[in-house]
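Undergrad: Questions regarding the structure given below will be posed in turn.
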Amino acid sequence: MENFDELIKEYAHLVISKGLNLHKGQRLLISCPVECAEFARICTSEAYHLGCKEVIVRWKDDDITRKKFLFAAEEVFDAIEPWEVLFFNSMAEEKACWLRIHAENPENMKNVDTGRIRRAQVSIGKTMEVFRKAQMKNLYKWCVCSVPIKSWAKTVFKNLSEEDAVTKLWEEVFSACRIVQGNSENNWKEHTENLKKHIDILNKYSFKKLHYKSSAGTDVIVELIDNSFWSGGREKTPDGETFSANIPSEEVFISPKKNGVNGTIVATKPLIYKGALIDGFSFLVKDGRIIDVHADVGEDVLRDAISVDEGASYFGEIALVPYNSPISQSGLLFYCTLFDENASCHFAFGRGFPCIEGADKMSEEEIQNKGINYSITHVDFMIGTSDMWINGITKEGAEVPVFRNGNFAF
């Protein structure tokens, strides 16, 4: 690809300048796989160029992670390290920016004991509880992006050589993130402004419920919370600073009322959860709670995922994504939630976002009393189809077309 290195630099600049909107004097925490070290270095340079106080990097390695889950002592998976709790709590208190560079082998945890995965997730959730609560309230600026690695690229493009697969995946990442040399920032600004048009319409209607139907089998009614609001594209801290939490992002989203989801929800794309594949799955939901589960592949992993804690079997997010979005039109299955969720309308079981007026000044108990689900987990899965049909139901009982044939009706 022409100007390949320049496009990577432009991508890094977009992530730091628009994703995080990093300001002079702020500290930056980067979570990054070792295979993406070069991209982390470029992001670090961009951050210091903008006056970053300090960049702190926490490294991750798929192979080491897999060995730990296969061979480490049992008690390790229930451990909560005080120094890690202190580290993340201090980052949240300081309002340091957080960049998560996500890339992993989609099958890294294949044949790993699902009990170990669940126990580790519980301990990690407790370790990072304060940090993640602050994240959900947007008390600090954060962004998730992805960088191709060999194992991921070969999963997406099985028939290409390793080198060609990585190059091809880079091309798709650039396309999804609207990276065009010299125009990336303007492209991103225009895109987020278009998302805001849909958000403004949805917030104006202030729907009481949404009714979803599709040929895949989804037929579910979702109740929304009074005084809640839709969001997407650009987020805002309580101090009024904007940032983009996900690059790429095609979604507008809201949190449903915890006990207000009823019906059948059918996934239309596979889910990679903690390095394990889950496919052909569906949920039966009553009063917000998942009461039955089926999966053609990975049902034991899915059942563990929704039983991490009490809130894991309830829903924390519904998101609207047009079927004609660029990522959907690529026709690719990315085996990466950051991309696949932006190709399709999706739900997430687990923790909800406090998308309610005044949430930044509320306690966790007050937020939950409003109807926002609490959990240590948050897992997105895709339900969109080319014939997705969604009606919004107003407080007066009127029905308004929101989606027709997989796309916005307005």
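The values are calculated or read from the model by the stated rules, or taken from the named source; none is laboratory data. Keep in mind that this is a model prediction, so the values were computed, not measured. A quick note on method: Cβ atoms are made from the backbone with ideal geometry, for glycine too, and the neighbour counts reach across all protein chains shown. The accessibility values were calculated without ligands, DNA or RNA, using every heavy atom of the protein model including side chains. Shrake-Rupley method; radii C 1.70, N 1.55, O 1.52, S 1.80 Å.
Undergrad: The range 9-54 to the range 259-284: how many Å between their Cα centroids?
TA: 34
Undergrad: Mind pulling up the Rg/Rh value for the range 351-410? Radius of gyration and Kirkwood radius, both on Cα. Each step should come with its number before you reach the end.
TA: Numbers: Rg = 15.7 Å, Rh = 14.3 Å.
When Rh is taken as the Kirkwood radius, the ratio is 1.10.
Undergrad: If I model the range 82-191 as equal point scatterers sitting on the Cα atoms and use the Debye formula, what is log10 I(q)/I(0) at q = 0.10, 0.15, 0.18, 0.23 Å⁻¹?
TA: Result of the Debye calculation: -0.48, -0.93, -1.06, -1.13.
Undergrad: Please say if the range 247-309 is rounded, prolate or oblate, where rounded means a/c under 1.5 for a ≥ b ≥ c the square roots of the C-alpha gyration tensor eigenvalues, and otherwise the choice is prolate for a/b larger than b/c and oblate otherwise? Mind showing how you got there, number by number?
TA: Numbers: a/c = 1.68, a/b = 1.08, b/c = 1.55.
Verdict is oblate for the range 247-309.
Undergrad: Related question: Sequence-distant or interchain residues sharing an amide H contact under 5 Å with Lys269, placed H: which?
TA: For Lys269, the qualifying residues are Met382.
Undergrad: Once phi is turned into θ = phi - 60°, what whole-Hz ³J(HN,Hα) does the Karplus curve with 6.51, -1.76 and 1.60 give for every residue of the range 16-21, x standing for Gly and Pro?
TA: Using θ = phi - 60°, the values come out as 6, 7, 9, x, 9, 6 Hz.
Undergrad: Still on this model: Using only the Cα atoms of the range 204-273, what do you get for the radius of gyration and for Dmax, in Å?
TA: 14.9, 44
Undergrad: If amide H atoms are built 1.01 Å from N in the plane of the peptide, which residues on other chains or at least 5 residues away come under 5 Å of the amide H of Asn246?
TA: Val144
Undergrad: Summarise the accessible area of the chain (1.4 Å probe, protein heavy atoms) by the percent that is carbon and sulfur. Walk me through the numbers before you get to the answer.
TA: On the way: 8420 of 17590 Å².
Accessible surface attributable to carbon and sulfur in the chain totals 48 percent.
Undergrad: GNM, the chain, Cα, under 10 Å: largest mean-square fluctuation among Gly275, Gly298, Gly240?
TA: Answer for the Gaussian network model of the chain: Gly240.
Undergrad: My understanding is that a pair violates if its Cα-Cα distance is over 31 Å; which of Lys137/Lys158; Lys110/Lys197; Lys68/Lys286; Lys208/Lys236; Lys67/Lys150; Lys141/Lys370 do that in this structure?
TA: Numbers: Lys137/Lys158 40 Å; Lys110/Lys197 42 Å; Lys68/Lys286 38 Å; Lys208/Lys236 24 Å; Lys67/Lys150 19 Å; Lys141/Lys370 24 Å.
Result: Lys137/Lys158; Lys110/Lys197; Lys68/Lys286 exceed 31 Å.
Undergrad: Next up: Taking 0.36 nm per residue of separation and subtracting the Cα-Cα distance, what length does fully extending Lys67 through Asp219 add?
TA: On the way: separation 152, 0.36 × 152 = 54.72 nm, distance 4.16 nm.
In short, 50.6 nm is gained.
Undergrad: Given labels modelled 7 Å from the Cα in the Cβ direction, how far is it in nm from Glu94 to Val130?
TA: Distance between the two pseudo-spin positions: 1.4 nm.
Undergrad: Still on this structure, I have one more. Please list the equivalent ellipsoid semi-axes of the range 1-151, computed as the square roots of five times the alpha-carbon gyration tensor eigenvalues, in descending order and whole angstrom.
TA: Working: eigenvalues 161, 93, 25 Å².
Output for the range 1-151: semi-axes of 28, 22, 11 Å.
Undergrad: If I stretch the segment between Ile56 and Asp226 completely, what's the gain in nm (0.36 nm per residue apart, minus their alpha carbon distance), one decimal? Write down the numbers at each step before the final one.
TA: Details: separation 170, 0.36 × 170 = 61.20 nm, distance 4.00 nm.
Gain on extension, Ile56 to Asp226, equals 57.2 nm.
Undergrad: Hey, another quick one. At what distance in nm do the modelled label points of Asn159 and Ser45 sit from each other, each positioned 7 Å from its Cα along Cα→Cβ?
TA: With each label point 7 Å from Cα toward Cβ, the separation is 3.7 nm.
Undergrad: Calculated FRET efficiency, Asp360 and Thr167, Cβ-Cβ r, R0 51 Å, to nearest 0.05?
TA: Here the calculated transfer efficiency is 0.75.
Undergrad: Full extension from Leu284 to Arg303: what is 0.36 nm times the residue separation minus their Cα-Cα distance, to one decimal in nm? Before the final figure, lay out each step's value.
TA: Details: separation 19, 0.36 × 19 = 6.84 nm, distance 1.29 nm.
Taking Leu284 through Arg303 to full extension adds about 5.6 nm, to one decimal.
Undergrad: Same structure again: Quote the FRET efficiency, to the nearest 0.05, computed for Asn187 versus Phe4 with a Förster distance R0 of 25 Å and r equal to the Cβ-Cβ distance.
TA: Values: r = 18 Å, r/R0 = 0.73.
It comes to 0.85.
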